[in-house]
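Presented below is the structure to which this report refers.
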């Protein structure tokens, strides 16, 4: 069984995290969830989903202050990790090895173990500092995945956009899915 760590930080876009957790649950993939304080706040504000409900969407939940959690160690095997949404604070912490929370420590472990890490930053416009941090991470193999939807597939609802982005995030993690409307040419 695949194991994926899902981190939720304080950037706008918690709708993508909720969609991803639901998709991973449907695909019977073991999930390890860690949520920052602002990630919890934003998810409640944007989606009306509290931490108790988020926990139900994951196989395992780890408190962001618990550095003794299994995901804090490289000896705990996982197939990858995604931080969705990824705030610029979290992205900066990851880029600079500042592991002051379980979420950033888990990312640090994923990087040092050369496993798949996908960051879904939600910020606009991007400053030179944001771009430099993203480039730094991209150069070491981290996937930077801004949730910028395409419109070639003619989405009709916000849900269509979210589901397609969820499928693309799963693609980035190497997880087969049928959520993406694949381009078939003209």
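Arrange the peptides 49-61, 99-111, 7-19 so that the one whose residues have, on average, the most other Cβ atoms within 10 Å appears first.
Per-residue Cβ counts within 10 Å, averaged per peptide and sorted highest first, yield 7-19, 99-111, 49-61.
Of 128, 149, 85, which has the largest mean-square fluctuation in a 10 Å C-alpha GNM of the chain?
Most flexible of the set in this elastic network: 128.
Per DSSP H run of n ≥ 4, the term is -39500 (n - 2.57); total these for the chain, divide by its residue number, and report the mean residue ellipticity at 222 nm rounded to 500 deg cm²/dmol.
-12500 deg cm²/dmol
From the square roots a ≥ b ≥ c of the eigenvalues of the alpha-carbon gyration tensor of segment 1-97, which class results: rounded (a/c under 1.5), prolate (a/b over b/c), or oblate?
In terms of gyration-tensor shape, oblate.
Which whole-number percent gives the relative contact order of the chain, counting Cα pairs below 8 Å spaced six or more residues apart?
In percent, rounded to a whole number, it is 22.
Classify the chain as rounded, prolate or oblate from the Cα gyration tensor: take a ≥ b ≥ c as the square roots of its eigenvalues, call it rounded if a/c is under 1.5, otherwise prolate when a/b beats b/c and oblate if not.
Rounded shape, in that the Cα axes give a/c under 1.5.
Classify segment 34-142: rounded, prolate or oblate, from the alpha-carbon gyration tensor (a ≥ b ≥ c, eigenvalue square roots; a/c under 1.5 rounded; otherwise prolate if a/b is larger than b/c)?
Oblate, because a/c is 1.5 or more while a/b does not exceed b/c.
Run the numbers on segment 1-78 and let me know its relative contact order in percent, using alpha-carbon pairs under 8 Å that are six or more apart.
Dividing the mean separation by the residue count of segment 1-78 yields 36 percent.
No value in this document is a laboratory result; all are computed from the given coordinates. What you are looking at is a predicted structure, and each value in this text was computed from that prediction instead of being measured. In this analysis, Cβ positions are derived from the backbone assuming ideal geometry, glycine residues included, and neighbour counts consider all displayed protein chains.
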